[in-house]
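A.B. asks: Dropping a structure here in structure tokens format, bear with me for questions.
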Amino acid sequence: MSWLSEAVHQISWSSAAGVLFGAAISAAVSYTLQRTSFAEARKQKEKDRYEVRKAQAYSLFFKMIRIHSTIAIIDATLTDFVERGKKSGFASLWQAVLPLGNLPDRVKFTPEEMALVLSLDDKLFNELGPYDEIHNSLIDTYQSYGTRRVSALSKFGTDEMEGGTGTHKLSAEEVAWLKPRAYELNSLAEGMIERARHDRAESKGLLERIHALFAKEFKFSPKIEFREPTV
């Protein structure tokens, strides 16, 4: 009976070894599949993150195009007003610089857009950061100028019209009333002209740098071309 017992014992250990070996294979296969699944999930997550960042880059890029375009149009418009004013013989800027009928919309950078720039170029981040407010402030200044100019001129009538320009002969009392308001309007006009000229050149440089950065990081296909605005 001893040989039978020993045989049964060997068969039992053989079966156990087979079970253990099978379990090891199953665990190895499961681990490999799980590892592959994790790797694929990680790749998909990285791809999704890349696409989100690329979308943010496009959004910021188009906002900066709007910012530069607006500033360029305002600069060209103010320059045109000044040149026309000189030809018409106007003595003051406020007489030449007219309000704009339809001012452009304001622009606002999102925290996510600025975080993207910070992660790629901290120097560009610092220079670009306030530019939405610089753009909006110029629009606000022009809007304020237009409102104050209309308010000041509403006090007077029009004696003569030549094309779209009206004239009125001021009395001494009217001159005294207008003088401080004209000074304020001239100061606003001078500030707008100076800012628009400076910001136009600066915003162009920032737009070129953003385009170069995003073309490198996200293989941007849009190209930029600068043309003189028609006013």
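The values are calculated or read from the model by the stated rules, or taken from the named source; none is laboratory data. Note that the structure is a prediction, hence the values are computed from the model and not measured. Reconstructed Cβ throughout: ideal geometry from the backbone, glycine too, with neighbour counts over all protein chains shown. Just so you know, the surface numbers come from the protein's heavy atoms only, side chains and all, with ligands and any DNA or RNA stripped out. Shrake-Rupley method; radii C 1.70, N 1.55, O 1.52, S 1.80 Å.
A.B. asks: Out of the residues in region 140-156 meeting the condition of being within 23 Å of THR77 (Cβ to Cβ) and open to solvent by less than 60 Å² (accessible area, probe 1.4 Å), tell me which one is modelled with the lowest pLDDT.
C.D. replies: Taking the candidates together, the pick is ALA152.
A.B. asks: Something else: Can you tell me which residue within region 93-113, out of those that are in contact with a Phe, Trp or Tyr (Cβ under 9 Å, 6 or more places away or on another chain) and not β-branched (Val, Ile, Thr), is nearest to LEU213 (Cα to Cα)? Walk me through it before giving the result.
C.D. replies: The first filter runs over region 93-113 and keeps only residues in contact with a Phe, Trp or Tyr (Cβ under 9 Å, 6 or more places away or on another chain), leaving 93-94, 96-100, 103, 107, 109.
Filter again for not β-branched (Val, Ile, Thr), leaving 93-94, 96, 98-100, 103, 109.
Working: LEU93: 40, TRP94: 41, ALA96: 41, LEU98: 39, PRO99: 37, LEU100: 35, LEU103: 30, PHE109: 17 Å.
The qualifying residue nearest to LEU213 (Cα to Cα) is PHE109.
A.B. asks: Quick one: in region 118-127, which of the residues that are touching a residue at least 60 places away in the same chain (Cβ under 8 Å) and of a type in the set (A, V, I, L, M, F, W, C) is least open to solvent (accessible area, probe 1.4 Å)? Break it down stepwise before answering.
C.D. replies: Going through region 118-127, the residues touching a residue at least 60 places away in the same chain (Cβ under 8 Å) turn out to be 120-121, 124, 127.
Of the ones still in play, those that are also of a type in the set (A, V, I, L, M, F, W, C) are 120, 124.
Details: LEU120: 48, LEU124: 2 Å².
Once the filter is applied, the top-ranked residue is LEU124.
A.B. asks: Are any residues in region 128-139 open to solvent by 20 Å² or more (accessible area, probe 1.4 Å) and touching a residue at least 60 places away in the same chain (Cβ under 8 Å), and if so, which ones? Write out each step before concluding.
C.D. replies: Looking only at region 128-139, we keep the residues that are open to solvent by 20 Å² or more (accessible area, probe 1.4 Å), and these are 129-130, 133-134, 137.
ILE134 - this is the single residue of region 128-139 that is open to solvent by 20 Å² or more (accessible area, probe 1.4 Å) and touching a residue at least 60 places away in the same chain (Cβ under 8 Å).
A.B. asks: Testing GLY22 on (1) modelled with pLDDT of 85 or more; (2) open to solvent by less than 80 Å² (accessible area, probe 1.4 Å), one condition comes back false. Which one is that?
C.D. replies: Unmet condition: (1).
A.B. asks: For residues in region 77-114 being touching an Asp or Glu at 6+ places or on another chain (Cβ under 7 Å) and either touching a residue at least 60 places away in the same chain (Cβ under 8 Å) or crowded, with 17+ Cβ neighbours inside 10 Å (or both), which is nearest to LEU138 (Cα to Cα)? Even if it seems obvious, please write down each step before you answer.
C.D. replies: First pass over region 77-114, keeping only residues touching an Asp or Glu at 6+ places or on another chain (Cβ under 7 Å): 93, 107-109.
Filter once more, keeping what is either touching a residue at least 60 places away in the same chain (Cβ under 8 Å) or crowded, with 17+ Cβ neighbours inside 10 Å (or both): 93, 107, 109.
On the way: LEU93: 17, VAL107: 12, PHE109: 16 Å.
Applying the filter and picking the extreme gives VAL107.
A.B. asks: May I ask you to list the residues in region 115-161 that are within 12 Å of the chain's Cα centre (by Cα) and in a loop (DSSP other than H, G, I, E, B)?
C.D. replies: GLY129, PRO130 - these are the residues of region 115-161 that are within 12 Å of the chain's Cα centre (by Cα) and in a loop (DSSP other than H, G, I, E, B).
A.B. asks: TYR58 is checked against (1) within 16 Å of the chain's Cα centre (by Cα); (2) part of a helix (DSSP H, G or I); (3) at pLDDT 95 or above and fails just one. What number does that condition carry?
C.D. replies: Answer for TYR58: the failing condition is (3).
A.B. asks: Can you pull out the residues in region 164-196 that are within 23 Å of SER88 (Cα to Cα), basic (Lys, Arg) and surrounded by 13 or more Cβ atoms within 10 Å (Cβ to Cβ)?
C.D. replies: ARG181
A.B. asks: Shifting gears a bit: Have a look at GLU173, GLU160, GLU228 and point out the one that is at pLDDT below 95 and within 14 Å of ALA72 (Cβ to Cβ). Please lay out each step first, then the result.
C.D. replies: Working: GLU173 fails: within 14 Å of ALA72 (Cβ to Cβ); GLU160 fails: within 14 Å of ALA72 (Cβ to Cβ).
Matching residue, one of GLU173, GLU160, GLU228: GLU228.
Yes/no per residue for (1) over 30 Å from LEU206 (Cα atoms); (2) within 24 Å of the chain's Cα centre (by Cα):
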{"site": "THR79", "(1), (2)": "no, no"}
{"site": "LYS86", "(1), (2)": "yes, no"}
{"site": "PHE90", "(1), (2)": "yes, no"}
{"site": "TRP94", "(1), (2)": "yes, no"}
{"site": "LEU103", "(1), (2)": "no, yes"}
{"site": "LYS108", "(1), (2)": "no, yes"}
{"site": "GLU113", "(1), (2)": "no, yes"}
